[in-house]
Amino acid sequence: MNISRISDNYAVAAQILPMEVAAIAEQGFVAIICNRPDGEEPGQPTSAEIAAECVKAGLAFHHIPVSGIPISERAILEQRRLIDESGGPVLAYCRSGQRSLIIWQASA
């Protein structure tokens, strides 16, 4: 898993696996945001699978699927709100991490 820190309280990554969630929690993250729609690619873990592991690891989980550009204003505002209210570092992921970076930039 390759995590790119964008700020003190925000990082992005490519698709994470359920088995990686505990390690993400150990790195100090308090929440995970999935910006990837379920079923985007065959074999990808679903948001429900990641959410279940987040519960076990004590992390908040949010699903804000983004399927293209431009990203909706609603998604940008919701992602910003969740980051601001998280109380600690948030990891957002999508297929490559690019959409999660773009939504961050759009909310800055």
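The values are calculated or read from the model by the stated rules, or taken from the named source; none is laboratory data. Please read these numbers as outputs of a predicted model, since none were measured by experiment. Reconstructed Cβ throughout: ideal geometry from the backbone, glycine too, with neighbour counts over all protein chains shown.
Go through V55, V66 for me and flag whichever is more than 18 Å from R5 (Cα to Cα) and either modelled with pLDDT under 95 or in contact with a helix residue (DSSP H, G or I) (Cβ under 9 Å, 6 or more places away or on another chain) (or both).
The unique qualifying residue is V66.
Which ones in the range 70-99 are over 16 Å from D8 (Cα atoms) and touching an Asp or Glu at 6+ places or on another chain (Cβ under 8 Å)?
R95
Would you check if I102 is part of a helix (DSSP H, G or I) and within 13 Å of A11 (Cα to Cα)?
Yes; evaluated as a whole, the condition is true for this residue.
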